[in-house]
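The values are calculated or read from the model by the stated rules, or taken from the named source; none is laboratory data. A quick note: this is a predicted structure, and the numbers were derived from the prediction, not measured. Positions of Cβ are generated from backbone atoms using ideal geometry, with glycine treated the same way; all protein chains shown enter the neighbour counts.
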Amino acid sequence: MNVQRATPGLNAGRRSDGSPGRGPSRLGLALRLATGACCAILAAAALPPPARAQPATRGAAPAAAGARPNIVLILADDLGAEAINAYGGEYFTPRIDELARQGVLFTNAHAMPLCTPTRVRLMTGRESAKNYKAFGYLDPKERTIGNVLKDAGYATGIVGKWQLSGNGFDGRVGASPQPAGFDESLLWQEKALDAKGSRYWGPTLSTNGQNRINESGFGPDVQAGFALDFIQRHKDEPFFLYYPMVLTHPPFVPTPDSPGAKDDKTRFAGMVTYMDKLVGQVTDQLKALGLDKNTIVIFTGDNGTAKQILSYQNGYPVRGGKGQATFAGTHVPLIARWPGQLPAGETRAGLFDLMDMLPTLADFAGAPVAAGGIDGVDQAPVMRGETAAARDWIFMHYAPVWIQTPARLVFDDKWKLYGDGRFVAIDGVRATETPVESAPPHSAAAARRAAFQHVLDAMHDGPLDQDRYPMCIGKPSLDPKLPSVRAGCRFSEGAVE
Ligand SMILES: [Ca+2]
């Protein structure tokens, strides 16, 4: 095993001596241009709506049977946009970069900062203040994208990570895959109260609800096999495959292609490239079956990269922002490919909130969405290039009840206002936020701040839940004046990741 072999994910974005390598990729340059263009859109006079006026295509009649596209939605775990080479990142991601060349890349797509808040938001299309209750929990009463597409006649499957049946600490029992709309499932961490087991080597996986602890094998490979088989078996009918991958979340492990990787960064690089390879297996399978022209493939991430990882993007260092309500915590890759139906090799600077996924996919599928039931907006016209942006801001009520500091926030591609009054300028190229102490009257920043304050005031989303440690229920509190669920206790970080 030579050193080069052990670092398969490191790409030309940074030289081996640590200096920035070649300049940003083509799309990295596009990102720089897109985020550099100021778009002071809102007036402060009235509460601005999140969604802009939609073209007439919204709410179109369901497509004729047989014309409906297949949908593959891939959600990487703990992968910020800075990790993808198409976004100027340093890791080797040729298959995802290929998707970008063949499809549409969003430069301003945002997830919540943490797994469950994003998954609930994405799957239901609803604002977190309305339906987020606990980490690792999806309310069984919620209607998901799986339900929407299954009811529209799609064969539905999910493979990857579930982590929505309850966290095992607070007694809640959340949704299971089948009632949530997925006919078939192969999942890690499906059951609320079972031991999680490994997601990687010797994985513990549930097939349609039946747990199995594998003595050997690499979990992502087992799951990739399910994904390819699902596509094969459903090639003659419209199918929806939701693929919330277990990669590239810690623990940082050697992959089958990077067995000698020793340190976290090198292992992460190998995991990113392995994840990329599995994405390529999906697109190869679609091509082999003649399905690539009739299948929408979407690739995105559920939150920022783990904080242990310092990456280089466009030559600048970017610390993983997982868990935090910062730009690096929420900025995720988003690429959509549908050959012949969506443009190829184009970027979109319009804001995309991952809760927009449900109405967008429903539009492509011709599936009805209950009016007024969701908060996401249809981004299909943006993907097609019919309009530049579908929304003017993103609001998040982030109270994960899970270790991280809760926050309210509203932002666009240039400015962000937190509920505690902090107002920051966003630099999307460097993935940084800079406090704006005082904005001159009549400046774009002042107008934006006023408009954002108006949004925060109008949300009526209630106080942020300050509980952060459900794993401490029943254990001695670190602060005798506060309950352990609020102040914390002694616990193993590895047990709660
Ligand atoms: Ca995650």
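When the helices (runs of 4 or more DSSP H) confined to region 424-497 are screened for residues that are hydrophobic (A, V, I, L, M, F, W, C) and under 25 Å from Asp194 (Cα atoms), those reaching at least 2 such residues are found at 493-496.
Considering only helices (runs of 4 or more DSSP H) fully contained in region 89-174, which possess at least 1 residues that are in contact with a strand residue (DSSP E or B) (Cβ under 6 Å, 6 or more places away or on another chain) and more than 24 Å from Gly209 (Cα to Cα)? Talk me through it step by step, then tell me what you get.
Values: elements: 94-102, 115-124, 128-131, 145-151.
Per the criteria, 94-102, 128-131.
Looking at Val282, Val222, Val297, which one is over 27 Å from Gln102 (Cα atoms) and more than 16 Å from the ligand (Cβ to nearest atom)? I'd like the intermediate steps shown before the answer.
Details: Val282 fails: over 27 Å from Gln102 (Cα atoms); Val297 fails: over 27 Å from Gln102 (Cα atoms).
Step by step, each of Val282, Val222, Val297 is checked, and only Val222 is over 27 Å from Gln102 (Cα atoms) and more than 16 Å from the ligand (Cβ to nearest atom).
Determine whether Phe240 is closer than 21 Å to Gln189 by Cβ, of a type in the set (Phe, Trp, Tyr), at pLDDT 95 or above and touching a Phe, Trp or Tyr at 6+ places or on another chain (Cβ under 8 Å). When the stated conditions are applied, Phe240 does not pass them. From the list Ala365, Ala407, Ala371, Ala399, the lone residue that is over 19 Å from Gln324 (Cβ atoms) and in contact (Cβ under 8 Å) with a residue 40 or more places away in the chain is Ala365. Among residues of region 274-303 that are of a type in the set (S, T, N, Q), those with a Cβ under 6 angstrom from a residue that is within 16 Å of the ligand (Cβ to nearest atom) and assigned to a helix (DSSP H, G or I), sequence gap 6+ or separate chain, pair up as Asn303/Thr118.
Per-residue answers, yes or no, for (1) among the hydrophobic types (A, V, I, L, M, F, W, C); (2) surrounded by fewer than 24 Cβ atoms within 10 Å (Cβ to Cβ); (3) over 30 Å from Arg408 (Cα atoms):
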| position | (1), (2), (3) |
| --- | --- |
| Lys287 | no, yes, yes |
| Lys307 | no, yes, no |
| Gly315 | no, yes, yes |
| Gln324 | no, yes, no |
| Thr330 | no, no, no |
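Taken over region 306-316, the criterion of being within 20 Å of the chain's Cα centre (by Cα) and either closer than 25 Å to Met383 by Cα or not assigned by TED's automatic domain parsing to the domain that holds Gln163 (or both) is satisfied by Gln313 alone.
Could you go through region 253-268 and let me know if any residue there is within 15 Å of the ligand (Cβ to nearest atom), more than 30 Å from Asn131 (Cβ to Cβ) and crowded, with 24+ Cβ neighbours inside 10 Å. Checking region 253-268: at least one residue is within 15 Å of the ligand (Cβ to nearest atom), more than 30 Å from Asn131 (Cβ to Cβ) and crowded, with 24+ Cβ neighbours inside 10 Å.
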